[in-house]
Amino acid sequence: MDDQIRENNQNSDANKELESCKNEVQVLKDSFLRLSADFENYKKRITKEKSEWLISAQNDIILDILNIVDDFDRAFTELHKKEISKEFQNWISGFELIHKSLYKLLNKYNVKEIQDNNIFNPEIHEAIAQVESADKKSGQIVNVAQKGFTFNNRVLRPAKVVVAK
């Protein structure tokens, strides 16, 4: 009889130990699943942040290039208002090639000039002034002071415009 009681106690102790091990395995399994999910979320977040950093760096560089393009545009606008000698025209032709190359570079990287400059759209235009205009209706663009550009179909720099009252 003592042997049977001892055996029952041993079975009971073994069952308790087995149950304790099962609980510990379940806790470790849950912990592993949580840690695995956290790591997957971390990888996704890092990938997204890396992509955002890349886009931000590209935007900064492109905006700096656009300032140079603006300088070329202003220079050529002023230059075409004046008479220039044949010798000087040869120099200007070289600079015009550089200007065209800058636009080709921008186009290569999907930077496009905003072409819709008829009616003011606050999503792609920035109004810098309103003026009375005899030949333009209210809300129409009278003058584009600075070209706007998109990068990968998102507005990189809105066009600065003068709008009719």
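Taking segment 120-165 only, how many residues are over 26 Å from Asn59 (Cα atoms), of a type in the set (A, V, I, L, M, F, W, C) and in contact (Cβ under 8 Å) with a residue 12 or more places away in the chain?
Of the residues in that region, 6 qualify.
Among the residues of segment 105-119, write down those that are under 19 Å from Leu63 (Cα atoms) and out of contact with any Lys or Arg (no Cβ under 9 Å at 6 or more places or on another chain).
Leu105, Asn107, Lys108, Tyr109, Asn110, Val111, Lys112, Gln115
Here are Lys104, Lys44: which of them is modelled with pLDDT of 95 or more and under 19 Å from the mean Cα position of the chain (by Cα)?
Values: Lys104 fails: under 19 Å from the mean Cα position of the chain (by Cα).
So the residue among Lys104, Lys44 that is modelled with pLDDT of 95 or more and under 19 Å from the mean Cα position of the chain (by Cα) is Lys44.
Confirm whether Leu79 is outside the structural domain of Asn153 (by TED's automatic domain parsing) and touching a strand residue (DSSP E or B) at 6+ places or on another chain (Cβ under 8 Å). Talk me through it step by step, then tell me what you get.
Details: outside the structural domain of Asn153 (by TED's automatic domain parsing): yes; touching a strand residue (DSSP E or B) at 6+ places or on another chain (Cβ under 8 Å): no.
Against the criterion (outside the structural domain of Asn153 (by TED's automatic domain parsing) and touching a strand residue (DSSP E or B) at 6+ places or on another chain (Cβ under 8 Å)), Leu79 does not qualify.
What number of residues within segment 45-103 satisfy the criterion of being within 17 Å of Phe151 (Cα to Cα) and among the charged types (D, E, K, R)?
Counting residues in segment 45-103 that are within 17 Å of Phe151 (Cα to Cα) and among the charged types (D, E, K, R) gives 4.
The values are calculated or read from the model by the stated rules, or taken from the named source; none is laboratory data. What you see is a predicted model, and the numbers here were worked out from it, not measured in a lab. Heads up, the Cβs are rebuilt from the backbone with ideal geometry, glycines too, and the neighbour counts pull from every protein chain shown.
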